[in-house]
Amino acid sequence: MEDPAASAAEQRVRELLERIAAAAGVPARVEISEDADTLTAAYVGDDLGLLIGRHGQTIDAIQHLSYRAAFRGELARKRLVVDASGYRERRALALQADADRAVERAVRDSRPVSLASMSALERKVVHEYLRDRTGIETYSEGEEPDRHLVVAPVVE
């Protein structure tokens, strides 16, 4: 049953996510929240690994498709996040820990430190996490799928 208070974007995302879970044979409930800046959709269930995929590739693809479906033909768009079982938060914490270690090594050794290759979404998480750190800079190098983030000390 459609929620009359839900935005058209929210309704399209809910329908797409439910269809994907059903097609994958994964029992999951979809919870959606929306504020002025972000539409957040989350799969809730017991065994959602198939929807997350290896290194989050499946959930990233689902998020991309959901964004395309949510705002098709609309000029006003907002950020869309699709998650499953808290994967995004767990992954962000792991990326932040890796970033902290890279900062420590870069500053200690006075040289750039490369992180493992990661998706554009993951690189964005790290760039934003380190954005306000003084004494270092971040940039991406390489070509997809081996594009990686570099943490380097600022040379003054």
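The values are calculated or read from the model by the stated rules, or taken from the named source; none is laboratory data. No experiment lies behind these values; they were computed from the predicted model shown. Glycine also receives a Cβ, built like all others from the backbone with ideal geometry; neighbour counts cover every protein chain displayed.
Numbers for the structure displayed
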quantity: Residue among ARG68, ARG14 that alone is assigned to a helix (DSSP H, G or I), crowded, with 18+ Cβ neighbours inside 10 Å and not assigned by TED's automatic domain parsing to the domain that holds TYR129; calculated: ARG14
quantity: Matching residues in the range 55-70 - criterion: being under 14 Å from the mean Cα position of the chain (by Cα) and either free of Cβ contacts under 8 Å to residues at least 40 places away in the same chain or over 18 Å from SER117 (Cβ atoms) (or both); calculated: THR58, ILE59, ALA61, ILE62, GLN63, HIS64, LEU65, SER66, TYR67
quantity: Test: residue in the range 90-103 that is without any contact (Cβ under 8 Å) to a residue 12 or more places away in the chain, outside any strand (DSSP E or B) and within 26 Å of ILE20 (Cα to Cα); calculated: yes
quantity: Single residue of the range 71-84 satisfying the filter (of a type outside the set (Lys, Arg) and touching a residue at least 40 places away in the same chain (Cβ under 8 Å)) that is surrounded by the fewest Cβ atoms within 10 Å (Cβ to Cβ); calculated: GLU74
quantity: Leading residue by the ranking (surrounded by the most Cβ atoms within 10 Å (Cβ to Cβ)) among those in the range 53-65 that are in contact with a strand residue (DSSP E or B) (Cβ under 8 Å, 6 or more places away or on another chain) and of a type in the set (Val, Ile, Thr); calculated: ILE62
quantity: Matching residues, the range 115-146, being surrounded by 14 or more Cβ atoms within 10 Å (Cβ to Cβ) and among the small types (Gly, Ala, Ser); calculated: SER117, SER119, SER140
